[in-house]
1. Of all residues in segment 170-205, which are among the hydroxyl-bearing types (Ser, Thr, Tyr) and closer than 17 Å to Ile112 by Cβ?
2. Please work out which residue is farthest from Asn391 (Cα to Cα), limiting yourself to segment 347-376 and to residues that are surrounded by fewer than 17 Cβ atoms within 10 Å (Cβ to Cβ) and of a type in the set (A, V, I, L, M, F, W, C).
3. Would you mind stating whether Ile140 is assigned to a strand (DSSP E or B) and within 13 Å of Ile82 (Cβ to Cβ)?
4. Of these, Lys345, Lys366, which one is in the same structural domain as Leu396 (by TED's automatic domain parsing) and either among the small types (Gly, Ala, Ser) or within 29 Å of the chain's Cα centre (by Cα) (or both)?
5. Would you tally the residues in segment 99-117 being in a strand (DSSP E or B) and crowded, with 18+ Cβ neighbours inside 10 Å?
6. Can you tell me which residues in segment 231-261 are buried (at least 18 other Cβ atoms within 10 Å of the Cβ), out of contact with any His (no Cβ under 7 Å at 6 or more places or on another chain) and assigned to a loop (DSSP other than H, G, I, E, B)?
7. Has segment 262-270 got at least one residue that is surrounded by fewer than 18 Cβ atoms within 10 Å (Cβ to Cβ) and modelled with pLDDT of 95 or more?
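The values are calculated or read from the model by the stated rules, or taken from the named source; none is laboratory data. A quick note: this is a predicted structure, and the numbers were derived from the prediction, not measured. For neighbour counting, all protein chains shown are included, and Cβ atoms are generated from backbone atoms with ideal geometry for every residue, glycine included.
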Amino acid sequence: MRIEKNHLLLLFILVLPITLFSQNKYNLNFDDFNPENQEMPTGWFKWGNFKVVTGEKENGGNSVGKVISDKSGEFGCITYKIPANYTGDTIRLSAKIKYENVKNYVGLLMRIDGYSKFLAFESMQKLKIRGTKDWEEYSIKLPYPSNAKAIYVGGILGKKGTAWFDDFKVTIDGEDIQTLKETPKMILEKYDTNELQSAISQSSTPLDLSNEETIHNSLDPLITKIGDKKIVAIGESTHGTSEFYRLREILTKRLIKEKGFNLVVLENPYDDLEILNRDLYALPLDSLIRKHLFSIYQTQEMKSFLQWYKDNQFGYNIAFKGCDDSYWVFHKLLKDHLASIHDKKLHKLLLKLESNIAKSSTDNLKKEHKANTSIYYDILAIENHLKSTQNLTPSLKEILFNGRNTYINYINIKNKKPIQSRDEIMADRVSYFAKDKNSKIIVWAHNAHISNDIITDNEIGIMGRDLKQEFGTAYYSIGLTTLNGNYSYIEKKFINGDHNYTEKLKTANFEEKEGLFWEHVMAESGNSFMADMSILKKELNSDDILGPTKLIGYSKESEKDIYFLPLFKDFDSIIFIKNTNSTTPIFN
């Protein structure tokens, strides 16, 4: 039921070979073009499989780019590469387009690559601009990743028609890239190691993992630093590291007891955790964990926290909720909360919702989209009816909000709006919880989600980025990372693909990789410590140093888990533990 964004165009572009071209002055208006000895204006190259992608001289002598469709191809794109030696928050591409007899789409595109993978992509394909039209200016924009290596801009044509492009302009935070000062990237391998070690030493405090009391005492500086924040996100570089959960539990308990935090949000389906809470005192904890937690969390470490939560929920007035999609038991959860309301119209609306949920389980994509679009409107109709009958309680409003968020992308597709990533939707849920002025929230999620900036794919890291933008310094991110040892994983890649959370936890050792990783540098500073990124930035007078780190998700480590990041910018604090162990499964 999860919507995938990997359309043919995106997949085709992501695997295209990268042309190594750069120059100091960018030929974005095609003027450097001599049709007598050039097929393409200087610096421009072709993506796609149309044969005719070229430059052209107009009657007045002006040079433009041109793409002509052919029967054998899917799309053609005239493309230009710019080195990403710039800093900023938002990148915008504008250009003029003229087109004739376009049957599918025409527009602009922009792709931003990092040091190991692509980071962001945007195109006008979804707007389905067709027909014939004279010159007009268009624009697209993207968040500008701090770990960008190359910027690709282009004009694209799909299927049948002819298109001309001219006067490309790229701006970062409103400043023209043609005159914007370049800031060459600082790479970890080339950075002064002694300077870096000294800065880490000045900004860090040791972490004694001997026992719970020594850990508790070691966390004092971090507790002081957190102060009166609204949201504290505690990350992990793997989902299967025992020491991370141990630290999270101790830190979470202290924040609840000493700082008045009252809500823990886990990277797990919202509806499942609501059912877990409902049955917390009626069913054994092991049974609830098996039914309602992702398999990767079915560990003794997670059970330890849940037992404490069960024993102390009312004493500290705390709640435990999820921020992930809510497909599987949403209807059951909603029915339970509506059981005491006797209303014929509400009953009919619930039956309609139940019917569409049943219809959504199909291999027919068109029928699935239709059913899931209807589910969104069913939820909205139930909410409006409850509001009109004055039965919309805060708990019902929250359940319905999370239900609508689960199906929002079917509406986005219907309305030809951008697809919201999993990270964006999780951020919306945390933000919803935070609207309660009395709430103080602890988020348990992967480093890749809680990061202060986007990490890759214009998707991973958006949760943390959005929360940082919305709450500013009231949002505090703590990254947890390691170098050696082993970790737990599951073989199933799509963890929310069904409601059968019975995958077996397996164990693997961390692989040795070539090159200098952030974790290698940190290991030279101690076996375990906490580093304050604000102090580190002052010591180095920079937080833009890029280097590789591992972000291992639910599955076994692979080359895809290596990310080049400005690690000191992405988190407010980092906890490093040199040697760690896998979590202990409950059910294996």
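1. Thr171, Thr183
2. In this case the residue turns out to be Leu365.
3. The answer is no for Ile140.
4. Only one candidate qualifies: Lys366.
5. Qualifying residue count, segment 99-117: 11.
6. Correct list: Ser237, Thr238, Gly240, Phe261.
7. Within segment 262-270, one or more residues are surrounded by fewer than 18 Cβ atoms within 10 Å (Cβ to Cβ) and modelled with pLDDT of 95 or more.
Every residue, every condition in (1) outside the structural domain of Asp166 (by TED's automatic domain parsing); (2) closer than 21 Å to Pro184 by Cβ; (3) in contact with a Lys or Arg (Cβ under 7 Å, 6 or more places away or on another chain), yes or no:
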site	(1), (2), (3)
Asn104	no, no, yes
Gly107	no, no, no
Asp113	no, yes, yes
Leu119	no, yes, no
Gln125	no, no, no
Ile129	no, no, no
Glu137	no, no, yes
Asn147	no, yes, no
Ala150	no, yes, yes
